[in-house]
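Only the coordinates and a few stated rules stand behind these numbers; no lab work does. Note that the coordinates shown come from a computational prediction; the quantities given were computed from them, not determined experimentally. So basically every Cβ, Gly included, is an ideal-geometry build from the backbone, and we count neighbours across all protein chains shown.
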Amino acid sequence: MSVLWVCLGAAVGAPLRYLTDTTIQRRVASPFPWGTFVVNADSTFAYETWRLLEGGAVIWAALNVVASIVTGLAAAAAGIGVGQLLFAS
């Protein structure tokens, strides 16, 4: 049953995140990705980091922050690299 709730949440949440992101980006003339910033404010990443801090696991919380940022940047770089290889003229 939990899997169904996750699927339902994703089916509702993904379009809402997209609509929120695009609505904000259209209204704010800025190079900063405000739409993405807003939709990620309630992210699981933030929640899990907060829970680690509440539990006194400061080192694990810091590791979660650093590792998530580094891994995200590495994944973005890999995705860009693969895209350039696939769509190079």
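Here are the numbers for this structure:
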read-out	value
222 nm mean residue ellipticity, helices alone, for the chain (DSSP H n ≥ 4; -39,500 (n - 2.57); rounded to 500)	-28000 deg cm²/dmol
Lys, Arg +1 and Asp, Glu -1 on Cβ, resulting dipole of the chain about Cα centre, debye, nearest 20	220 debye
Span-rule helices in the chain, defined as complete DSSP H runs reaching 18 Å or more along the axis (Cα) with Kyte mean at least 1.0	58-87
In range of the label at Phe37: residues from the stretch 1-29 whose backbone nitrogen is under 15 Å from the point 7 Å along Cα→Cβ	21-22, 24-29
Note, ³J(HN,Hα) from phi for the stretch 31-43, Karplus 6.51, -1.76, 1.60, rounded to Hz, x at Gly and Pro	x, 6, x, 4, x, 5, 4, 5, 5, 8, 4, 9, 6
Simple spin-label estimate for Val65 and Ala46 in nanometres, 7 Å along Cα-Cβ	1.4 nm
